[in-house]
Every structure is written in C-alpha cells, then in structure tokens.
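Structure first, commentary second.
Nothing in this text is a laboratory measurement; each read-out follows from the coordinates by a stated rule. Please read these numbers as outputs of a predicted model, since none were measured by experiment. Here the Cβ is made from the backbone with ideal geometry for all residues, glycine too, and neighbour counts use every protein chain on show.
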Amino acid sequence: MGELRQRTGRRRILEQNVKADISTLENGPEIFLAGEVRDDLLRMLFVLLRRGIPVESQLVVGSQDPLRLRYSGDCASIVLPAKPTSTKRLGRARSRLRELPLRPEELTGEQYSSRLPAVHKILYLVFTEGYLSSHAEMAIRRELCDEAIRLATILAGHPAGQAPETFALLALMHLHAARMTARQDSSGGLLLLEEQDRELWDQQGIQIGLEWLARSSQGDRFSRYHAEAGVAAEHCLAPSFQETRWDKVVECYALLERVAPLRYTS
C-alpha cells in the first residue's frame with residue numbers, strides 16, 4: 001500500500017480548479033453554525049443514528065427515511081431487500097425513533113463523531129446501489145452515485161467528518177464514478193473491465209479520486225474504504241487491462257480481508 005501511495009503522489013497532476021475545490025475544505029471560511037452539518041439531508045442521517053437502536057436497524061432507517069425525502073422511497077432496496085425480517089426491523093427502529101425527540105440543533109461534536117462510521121456505511125451503500133443497481137430495469141443509477149458523492153463531500157468539509165475514512169470513501173466513489181460511462185454498452189448492458197473503452201474514462205474524475213486517496217493516507221488509520229480505493233486506483237492507473245498490477249490488486253484485497261473479513265452464513 002505504501003508504494004501505491006507514493007505512486008499516487010507522483011501522479012498528482014490535478015488541474016488548478018480541482019486543487020482549489022479540495023483546498024477550500026481545509027482553508028476556506030467556517031461555514032458551519034454551532035457545529036451543524038450544512039446540508040439538511042446529511043444532518044438528518046446523523047439525527048436518525050441514535051443510541052439505543054441496533055446498528056443494523058440504524059443502517060436500515062438511515063438509508064431509507066432521509067433519502068425518501070428526495071427519492072420517494074426508491075432507495076428501499078439498498079439495505080432492505082424484500083425480507084420480512086428486514087421489514088420488521090425497520091418498523092421496530094421507527095417505533096423507537098418516535099420515542100426519542102429529534103433535535104438536530106442539539107447534536108454535539110461527540111455525537112457527530114460517534115455516528116460517523118454509520119454515516120460512512122450509509123453513503124457507501126447508497127453509492128453501491130447506484131453503481132450496481134438492484135433494479136432489474138436499470139443497471140446503473142447515476143443520480144444515487146452523484147448524491148452519495150455530494151453528501152460525502154459536504155461531510156469531508158465538516159470538522160467531525162474530516163477523517164481518513166471519509167477521504168478514502170470519497171476516493172473510492174470518484175474513482176468508480178470516473179469509469180461509469182464506459183461500463184455500459186449501447187443497449188444498456190454492463191461491460192466487464194477488459195471490455196471497457198478506457199478513452200471514455202473521466203480523467204479529471206480519476207485525478208480527483210487520487211487526490212482524495214492521497215489525503216486519506218495521512219494518519220495511521222486504515223479502513224475498508226482505503227483498501228477498495230486502492231483496488232480502484234490500480235485499475236484507473238493501469239495503461240491497459242493486461243498491464244494492470246495484479247499483485248498490487250491482490251495485496252489490496254488481502255488488506256480488505258484483514259480489516260473487513262467476509263462473513264459466511266450457511
């Protein structure tokens with residue numbers, strides 16, 4: 001992973017406007033009042049992720065209730081397939097939420113920080129649903145990917161969200177989104193990586209993703225988002241499918257298995 005970070009640094013050839021956009025998050029004027037997140041939808045996610053509600057239920061409620069305000073419930077399939085147990089879990093979580101007053105203006109810095117990992121998971125799930133939709137009639141839902149990137153970018157500008165995991169998540173999103181146009185054929189079917197026309201990849205989007213990946217390497221924390229962004233970066237930086245550094249891809253997957261091992265059920 002260290003070599004990948006060095007390679008990323010050498011290839012940082014961001015255009016001036018891209019650097020300015022990211023620099024604004026660090027050096028720009030304070031845009032938050034009383035520590036609040038400046039986006040209503042993102043703030044609602046932090047409000048809904050309350051103590052006393054199981055983590056699984058938090059993710060179900062968090063990925064559905066705020067987003068239904070914008071997408072009229074279309075995101076239900078993100079973490080809620082048509083299973084009775086999931087439906088019951090959502091009902092219990094909503095009942096518990098009704099017992100707890102929702103006061104966004106009273107959220108403290110500690111509450112933002114403690115709920116940050118769950119917010120990461122929700123944004124990751126929203127992006128994943130957009131990148132590989134569970135809806136049979138559409139393979140990709142770009143609007144969900146764009147929304148996830150928008151919210152994650154706002155999160156990266158909030159004091160509680162300025163963490164390596166947030167930056168790695170943004171790197172992962174941008175690197176995947178940069179290849180999205182080439183992932184479908186003329187009929188809308190998905191193309192394998194080796195079948196994609198790399199000339200269609202968004203080079204500026206790739207550079208933005210690499211910049212976020214470089215920022216995520218600061219500090220000693222390593223998450224699944226770092227590992228997955230590392231895989232995506234290797235694909236984006238490879239001149240061709242055949243010239244991909246597969247040993248580095250395998251290394252990233254080994255790190256992913258270490259920090260987020262797969263759970264198998266019988």
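So here's what we get for this one:
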quantity: Order of Thr108, Thr153, Thr166, Thr181 - criterion: other Cβ atoms within 10 Å of each residue's Cβ, fewest first; calculated: Thr108, Thr181, Thr153, Thr166
quantity: Residue exposure sequence - Val119, Val259, Val249, Val231 - by fewest surrounding Cβ within 10 Å; calculated: Val259, Val249, Val231, Val119
quantity: Ranked list, fewest to most other Cβ atoms within 10 Å of each Cβ, for Ile208, Ile149; calculated: Ile149, Ile208
quantity: At most 12 other Cβ within 10 Å, DSSP loop - GluC sites (Glu not before Pro), segment 149-246; calculated: Glu243
quantity: Nonlocal amide H pairs with Gln184, under 5 Å, H built at 1.01 Å; calculated: Leu191
quantity: Calculated FRET value between Leu132 and Thr108, using beta carbons and R₀ = 45 Å, to 0.05; calculated: 0.80
